[in-house]
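Note sheet for the following structure.
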Amino acid sequence: MSEKTIFLLMALIHFGYGASAQPDWQVQAGSYQYSMTVTSLLEMDGDTLRSADDMVAAFYNGEVRGVARPIVYIASIDQYLAFLTVFSNSVSGEEITFKTYNASSDQIADCQDKITFTDGNQLGSNTEPEVLSNLIIWDGTAWSTGSAPTSEQSARLIADYSIASNGNLDLQYLQVTENAAFTIESGENFTVVDLDNFGIVKVQSGGSLVTTGAVSGEGFEIERITTFDQSTGRYSIVGSPVQNVGFDMLGTGAVVYSYDESEPYHPAGNQGLSRFKTPDQLTMTTLEAGNGYFSAFTGDETGKVVFHGAINAGNIDVPLSYTNQGDAAETAFQGYNLVSNPYPTAIDFQHFIAGNAGTDMDATIYLWDDHGSETGRGTNQDYLVVNATLGTTDSRSGGVSKWDGYIRSGQGFFVKANSSSTLQFTDEMKVTTNNTDAGYFREAGVERYKLRLSDGVMSKATIVGFLDDATIGKDAVYDATMFSVADFSIGTQTVSGLNMAIQALPKDFEKPVQLRVSVPEAGTYTIDLMNVEEANESIWIFDQLTGLYHDLSESGFAFSSTEAGIDERFELRRVKEVLASDDTPLWHMYISEKTLHVKKRGTETTELRVYSLSGKRVFSGNIQNDQQIDLSHLEDGVYVLRAGEMVRKVMVR
């Protein structure tokens, strides 16, 4: 080996000096007989290495055969190159692999490029350097390595790629070149740390794009099928998964409203109508990241909206407004803010709440479930109320069946702030699944009772729970206030008079819980327990109008209302409170599958009579102690039971 070659070699070989984080790659040049050179441009995850502390090393069977540092800037061609000498004791035939070190990220990457050693060979030049990269290439037919990259690897698409057709991917880094289109179909997902998009990335409605690092590029197309389409005036709450787009992206004929918390709610007046304002009224020109908007006549004939632009990624901060109106009647309605999931994938509700534990807001969200706003104004009972601990109430349209614990891409919802603060969306909240256009709901856990008010068509629910650390006041982590008790609703009331959609009480709470029931017209209604299978103990309803108790753990309770309005005649009592009461019921009756179940204290015989609402007696007989009576011959409807001084109405169906 010549002295000149040895001098050049010594200049290029790294002997372990410099930053301690650098790999200790070393080669003993004098131990080898043969050599070749490689003039290379180094690339890691799409970036050209250019730091004086960046490195490249050649390997054969894990043994270091060459090291180049520093990377040299060649001004005449404006490139950063590495001049590497590779050594061997074989004239030719050894397969040489490479690793690069990126000092700025302190990462070592395996290059996908390999060469065959040949003594005296000179690969690359200043004008046409060898590119050594860690990227696995998709050419439209196959991967450059013969198999798909793993979650620890990086890739480049130089041709179209479809998750559904070509296979699922989970990568450290992806580069989509300008001639490539990457499609994530409905029901499919793609997870990547860093993403550079110079082409097109299309996420169909129901597909999921999960990024956890840096994202660049504007060629994203994010589809979202909203609840209703361009032909209907029914509203969806939506937000944008991309940055800086105008409201016309929701549809040329879309009717859009933002929500202005600073306006008075007017609980005895228009109940928040003045808070809904057009973008023009608020001088807004773009959909702001993390904000929600009511939109009708949205998208195309299927309700599909296609958002074009750079996607939202990383932490998204959303200011929450809280305006003290200086009026006690307004207090319960202060702090409601309309927000939305800003990402092109679903987020986990529990992670959303946990991630905002330091934000002064209730651990509850309110999801819109339109019940027919194209024919008349929607009501505040069209919200599904979801609490992180006690679960989910229902909306008038039965929205509980759609809830599965995840907030879809672009889905809007209300949160309630208790002071002016900042809500944050983070990458840790993202999930790869549950971004479909519908969902399923199930929950279990603490002692809780989920009560449903129904008229046979509509239903609305409330939840009462009992926890060790709950108080009799409003607990932000557990409780959810009601927007309104008007229209069709059921809820409870705190000792301070707040109307609650979800209420937590102390575990040892022993007093009756006041129910607030509102019905739109005179008629027959039913209150039943939706989660009988998980109820820890019996829960009874007490009708203060009739003096009757009914065990909701056994069956639903039917009652008649003679007029529309709010009724406070019902109390909820746990079984130990009922048994401890001086007015413990002599009778306990319930109907299941047209069988009347009678449980009676005492041994005396009493005559039981059953009447239709027209006054016709349809059954009579003597009863003693526990008994079951077949009523299968009766038509569905409401009947009156009379036994001694006891009179009550029941629903037979």
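Within segment 244-256, is even one residue part of a loop (DSSP other than H, G, I, E, B), free of Cβ contacts under 8 Å to residues at least 60 places away in the same chain, touching a Phe, Trp or Tyr at 6+ places or on another chain (Cβ under 8 Å) and surrounded by fewer than 18 Cβ atoms within 10 Å (Cβ to Cβ)?
Yes, segment 244-256 contains a residue that is part of a loop (DSSP other than H, G, I, E, B), free of Cβ contacts under 8 Å to residues at least 60 places away in the same chain, touching a Phe, Trp or Tyr at 6+ places or on another chain (Cβ under 8 Å) and surrounded by fewer than 18 Cβ atoms within 10 Å (Cβ to Cβ).
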Report summary line: Considering segment 300-325, residues that are part of a strand (DSSP E or B), out of contact with any Pro (no Cβ under 6 Å at 6 or more places or on another chain) and aliphatic (A, V, I, L, M), and then whichever is most open to solvent (accessible area, probe 1.4 Å), we arrive at V306
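In segment 469-482, which residue that is in a loop (DSSP other than H, G, I, E, B), under 18 Å from Q514 (Cβ atoms) and in contact (Cβ under 8 Å) with a residue 60 or more places away in the chain is least open to solvent (accessible area, probe 1.4 Å)?
Within segment 469-482, the match that is least open to solvent (accessible area, probe 1.4 Å) is D479.
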**Report entry** All positions within segment 168-225 that are hydroxyl-bearing (S, T, Y), surrounded by fewer than 21 Cβ atoms within 10 Å (Cβ to Cβ), within 22 Å of the chain's Cα centre (by Cα) and in a loop (DSSP other than H, G, I, E, B)
**Finding:** S186, T212
Report task. Mind counting the residues in segment 259-296 that are among the hydroxyl-bearing types (S, T, Y), in a loop (DSSP other than H, G, I, E, B) and free of Cβ contacts under 8 Å to residues at least 60 places away in the same chain? Result -> 3
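Yes/no per residue for (1) open to solvent by 20 Å² or more (accessible area, probe 1.4 Å); (2) modelled with pLDDT of 95 or more:
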position	(1), (2)
P70	yes, no
L84	no, yes
S88	no, yes
E152	yes, no
R156	yes, yes
Report summary line: Scanning segment 555-598 residue by residue, those at pLDDT 65 or above, in contact with a strand residue (DSSP E or B) (Cβ under 8 Å, 6 or more places away or on another chain) and more than 20 Å from G637 (Cβ to Cβ) turn out to be A564, G565, I566, D567, E568, R569, F570, E571, L572, R573, R574
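Okay, residues lined up against (1) farther than 30 Å from N337 by Cβ; (2) at pLDDT below 95:
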| residue | (1), (2) |
| --- | --- |
| A181 | yes, no |
| N189 | no, no |
| L209 | no, no |
| T212 | no, no |
| E221 | no, no |
| Q230 | no, yes |
| P241 | no, no |
| M249 | no, yes |
Query raised in the report: Within segment 380-396, can one find any residue that is over 18 Å from I502 (Cα atoms), of a type outside the set (A, V, I, L, M, F, W, C) and at pLDDT below 95?
Result: no
**Report entry** Test: residue in segment 285-294 that is under 30 Å from V215 (Cα atoms), more than 22 Å from the chain's Cα centre (by Cα) and either open to solvent by 50 Å² or more (accessible area, probe 1.4 Å) or at pLDDT 90 or above (or both)
**Finding:** yes
Query - Of residues in segment 430-468 being among the acidic types (D, E) and either under 21 Å from I539 (Cβ atoms) or crowded, with 20+ Cβ neighbours inside 10 Å (or both), the one modelled with the lowest pLDDT - result: E443
Query raised in the report: Which condition number does S484 fail, the rest of (1) at pLDDT 85 or above; (2) small (G, A, S); (3) at negative phi being met?
Result: (1)
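The values are calculated or read from the model by the stated rules, or taken from the named source; none is laboratory data. Keep in mind that what you see is a predicted model, and the values were worked out from it rather than measured. Note that each Cβ is placed from the backbone with ideal geometry, even for glycine, and that neighbours are counted across all protein chains shown. All accessible areas refer to the heavy atoms of the entire protein, side chains included, with ligands and DNA or RNA removed. Shrake-Rupley method; radii C 1.70, N 1.55, O 1.52, S 1.80 Å.
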